[in-house]
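Student: So that we are looking at the same thing, I have put the structure below in structure tokens.
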Amino acid sequence: MDSAKERRSAIAAAVADIRDIEKRDGVNRASLEKIKARLIQLAARTELFSAADFPPPAPGGNRHSCLYRLSEDADHRFALYANSARGGHGTPAHNHTTWAVIVGVTGEELNKFYERADEGGVREKGRDVVRQGTGVAFMPEDLHSIHIEAPLLNFHMYGLGLEQLHRREFYKEQERRWDVFPPHSDIREARELVT
Ligand SMILES: [Fe+2]
């Protein structure tokens with residue numbers, strides 16, 4: 001089997017299992033742990049997910065990372081992306097309004113976790129580094145920020161595709177106020193790489 005076919009079949013098998021987990025167990029922390037474990041299994045296939053197949057944006061431009069769509073159902077559920085980053089960037093604290101799971105393929109992504117502070121902003125309550133063999137999982141309302149220093153590839157999976165998410169909130173630290181992300185508009189279609 002060539003590697004594109006191998007990749008297609010590995011992704012399809014993982015997404016099928018993840019659909020089954022959600023159908024059987026619903027969306028809760030325990031089911032998200034199962035989804036995370038299944039994605040970690042997929043991410044272990046590092047030969048199928050290299051930076052050669054999913055390059056980060058070229059140095060010098062505005063973008064530090066890009067998303068490749070690996071899988072998404074016709075109704076936009078179960079959206080799986082490869083995030084390829086060149087590093088040197090991060091995000092503010094934000095939620096997702098759908099469940100979200102990140103697992104590492106190569107490189108390291110620092111995740112900080114937050115709760116909403118009484119005075120209106122956010123308070124850090126922990127952190128974890130996502131790398132090969134590890135991941136993090138979020139309920140729709142959970143808050144995190146990501147911080148990437150060096151090139152990495154990881155998987156981001158969402159209960160609903162990013163282009164459908166119109167109410168993701170993020171905290172503008174300097175202005176001390178919450179705002180809403182515009183729906184993501186720069187996702188590279190990569191299903192042809194896997195079909
Ligand atoms: Fe996020």
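Student: Looking only at segment 123-163, how many residues end up being hydroxyl-bearing (S, T, Y) and within 13 Å of the ligand (Cβ to nearest atom)?
Tutor: 2
Student: Looking at (1) closer than 18 Å to H89 by Cβ; (2) buried (at least 17 other Cβ atoms within 10 Å of the Cβ), can you tell me which one G161 breaks?
Tutor: Unmet for G161, out of (1) closer than 18 Å to H89 by Cβ; (2) buried (at least 17 other Cβ atoms within 10 Å of the Cβ): (1).
Student: Still on this structure, I have one more. Check every one of the strands (runs of 3 or more DSSP E) wholly within segment 1-117 and list those with 3 or more residues that are closer than 17 Å to Q132 by Cα.
Tutor: Correct list: 77-85, 100-106, 109-116.
Student: Any chance you could count how many residues in segment 1-11 are within 17 Å of the chain's Cα centre (by Cα) and surrounded by fewer than 19 Cβ atoms within 10 Å (Cβ to Cβ)?
Tutor: Residues in segment 1-11 being within 17 Å of the chain's Cα centre (by Cα) and surrounded by fewer than 19 Cβ atoms within 10 Å (Cβ to Cβ): 0 in total.
Student: Sort out which residues of segment 79-112 are charged (D, E, K, R) and either out of contact with any strand residue (DSSP E or B) (no Cβ under 6 Å at 6 or more places or on another chain) or open to solvent by 20 Å² or more (accessible area, probe 1.4 Å) (or both), and write them in order of number.
Tutor: Within segment 79-112, R86, E108, K112 qualify.
Student: Another question, if that's okay. When you scan segment 114-139, how many residues do you find that are under 10 Å from G104 (Cβ atoms) and surrounded by 15 or more Cβ atoms within 10 Å (Cβ to Cβ)?
Tutor: 6
Student: Please go through segment 67-121 and give me each residue that is among the aliphatic types (A, V, I, L, M) and within 16 Å of the ligand (Cβ to nearest atom), ordered by number.
Tutor: L67, A79, L80, A82, A85, A93, A100, V101, I102, V103, L110 - these are the residues of segment 67-121 that are among the aliphatic types (A, V, I, L, M) and within 16 Å of the ligand (Cβ to nearest atom).
Student: In addition: With the requirement that a residue be open to solvent by less than 50 Å² (accessible area, probe 1.4 Å) and over 15 Å from the mean Cα position of the chain (by Cα), what does segment 19-53 give you?
Tutor: Result: I21, E22, D25, G26, S31, L48, S50.
The values are calculated or read from the model by the stated rules, or taken from the named source; none is laboratory data. The shown structure was predicted, so the numbers you read here are calculated from the model rather than taken from an experiment. Here Cβ is always computed from backbone atoms with ideal geometry, including for glycine, and neighbour counts include all displayed protein chains. With ligands, DNA and RNA removed, areas are computed over all heavy atoms of the protein, side chains included. Shrake-Rupley method; radii C 1.70, N 1.55, O 1.52, S 1.80 Å.
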